[in-house]
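To start, the structure under review is shown below, and the notes come after it.
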Amino acid sequence: ELKGIVFVIQSQSNSFHSKKAEDLKRDILKQAVDLGKELPTVLLIHQIDRHEGAWTILPLMKDFSLTYGRNSSWIFFCEEDTRIQVIKLLETLRRFDKSKEWFLGKALYDEESTIIHHYAFAENPTVFKFPDFAAGWALSIPLVNKLAKKLKSEPLKSDFTIDLKHEIALYIWQKGEGPHLTPVPEFCTDDVNSYKVDNCATTFSNFLPLCGEPVKKEDVFVAVKTCRKFHSDRIPVVKQTWEREAALIEYYSDFADISIPTIDLGIPNTDRGHCGKTFAILERFLNHTSPRTPWLVVVDDDTLISIFRLRKLLSCYDPNEPVFLGERYGYGLGTGGYSYITGGGGMVFSRAAVQKLLASKCRCYSMDAPDDMVLGMCFSGLGIPITHSPLFHQARPMDYPKDYLSHQIPVSFHKHWNIDPVKVYFTWLAPNTEESHNGKKVGYNREDL
């Protein structure tokens, strides 16, 4: 029965995201009323966020087991943009024996082993399946109870949370002792208007969010981190691809090269983490740009980004709120660590966020500390949440399952290893006329990039 399903929306506290999650909650409850069913429990992750790591879900298993372990059958997880046909979902879950351990979802897999999954299953990466969160995924209560017990005796070991869906599937699989993901064809990521969705219990709105007019070009200041050794090979790629989309752009280096031009911030280059340089960029943004410029984007010199799409996305955020946006990773979240925006995919700051950060005394513990992690630690200490968007990518298109990227309009990719970055940009990120006219997803000729 419907009251046996606990819906968990993977929500965020930023006002744009929390409103979308509340809308989805209302829709689920309205469908229950229309069906004449007893109302199910609908939880929003950001509201049960008693600690920083709630978004990683596994730390919540003990609470789920305690609260719902006796009277419920399923925990069903979904994203704020997942659309659910409650009656179809009920029909789908009824096919599975709720007294057994089930891990259900739409299956993704790696076609080749990838850095973001630590090259797991290098012999044959296609054997390991993990859920596409956008389609929704479900755990039976017996499995939730088992996971809660396991977590009690064996706390989470992983220091880093990089790709949550893969890491959860690995934890459940337990080196072959736990259940594999069972693919469920009714869990779909086709758009709600697609002809394919007749049999779908879930669908996914695969558009780029747009909330009114895109923010103006002049409202986005772009800071590119570079260094002398990459001036000749990486900067030409930026100039051939996305530089023309940016009205305000500066290149920060350890050497002033007037041909680019680069600005020497007086911070020596370091081989790893660029904390000193990034904080110098934040101070420069606050003190040397127009106070009317609400947004700062900090990217690496090998980041490929669509400023055109980013301006659409930013129309949904209030620059008067402290916003820190990008692809979210976690560090030590099982033991009270922090979340951070991984730098390679691009880090987006509202001016309000930069002001709050610099007004605090939180700074780099060393010049070559990892800038993205220090920023995460600082914002966490200030109580400013990280805002995650899956449209930013720390790796290359080939590092993600094709099926996962097929329901995205990406904003960024990162790294030039073994790819033609100019080709990747024009295949995946370049604005084109059809997209700019109607805001709809367009058919790209995406080769195996």
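The values are calculated or read from the model by the stated rules, or taken from the named source; none is laboratory data. All values reported here derive from a predicted model rather than from experimental measurement. Note: accessible area is taken over every heavy atom of the protein model, side chains too, but ligands, DNA and RNA are not part of it. Shrake-Rupley method; radii C 1.70, N 1.55, O 1.52, S 1.80 Å.
One table, with the values for the structure above:
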{"read-out": "Under 26 Å from the Cα of Lys157 - lysines, other chains or at least 8 residues apart", "value": "Lys62, Lys129, Lys146, Lys149, Lys165, Lys175"}
{"read-out": "Average accessible surface area per residue within the chain, 1.4 Å rolling probe, Å²", "value": "43 Å²"}
{"read-out": "The range 101-172-the range 298-368 distance, computed between alpha-carbon centres (Å)", "value": "26 Å"}
{"read-out": "D_trans [Stokes-Einstein, Kirkwood Rh over alpha-carbon pairs] for the range 2-204, 4 °C, 1.567 mPa s, µm² s⁻¹", "value": "74 µm²/s"}
{"read-out": "Percentage, to the nearest whole number, of Cα pairs in the range 217-429 over 31 Å apart", "value": "14 percent"}
{"read-out": "Computed log₁₀ I(q)/I(0) - Debye formula, equal Cα scatterers, no solvent, the chain, q 0.07, 0.09, 0.10 Å⁻¹", "value": "-0.36, -0.59, -0.73"}
{"read-out": "Full-stretch length increase - Ala247, Lys152 - with 0.36 nm per residue and alpha-carbon distance subtracted", "value": "28.9 nm"}
{"read-out": "By accessible area with a 1.4 Å probe, ligands and nucleic acids excluded, highest first: order of His407, His180", "value": "His180, His407"}
{"read-out": "Solvent exposure ordering (accessible area, 1.4 Å, most first) of Arg351, Arg311", "value": "Arg311, Arg351"}
{"read-out": "Binned Cα-Cα distances of the range 219-320, short to long, each 10 Å bin given as a whole percent", "value": "14, 48, 33, 6"}
{"read-out": "Carbon plus sulfur fraction of accessible area for the chain, probe 1.4 Å, in percent", "value": "51 percent"}
{"read-out": "Share, in percent, of DSSP beta bridges within the range 217-429 that are antiparallel, nearest 5", "value": "45 percent"}
{"read-out": "The range 319-422, Cα convex hull volume normalised per residue, Å³", "value": "140 Å³"}
{"read-out": "Kirkwood estimate for the range 1-93, i.e. one over the average of 1/r between Cα atoms, Å", "value": "13.6 Å"}
{"read-out": "Selected from Val127, Val297, Val220 as most flexible by GNM, with the chain as the system and alpha-carbon contacts under 10 Å", "value": "Val127"}
{"read-out": "Fraction of antiparallel bridges per DSSP, the range 2-204 only, in percent to nearest 5", "value": "50 percent"}
{"read-out": "Cα centroid separation, the range 1-65 to the range 191-229 (Å)", "value": "23 Å"}
{"read-out": "Candidate aspartates and glutamates - alpha carbon under 18 Å from Lys106, same-chain residues fewer than 8 apart omitted", "value": "Glu79, Glu80, Asp81, Glu91, Asp132, Asp163, Glu167, Glu186, Asp190, Asp191, Asp198, Asp403"}
{"read-out": "Relative counts (whole %) of C-alpha pair distances in the range 100-191, using bins that are 10 Å wide", "value": "15, 47, 33, 5, 0"}
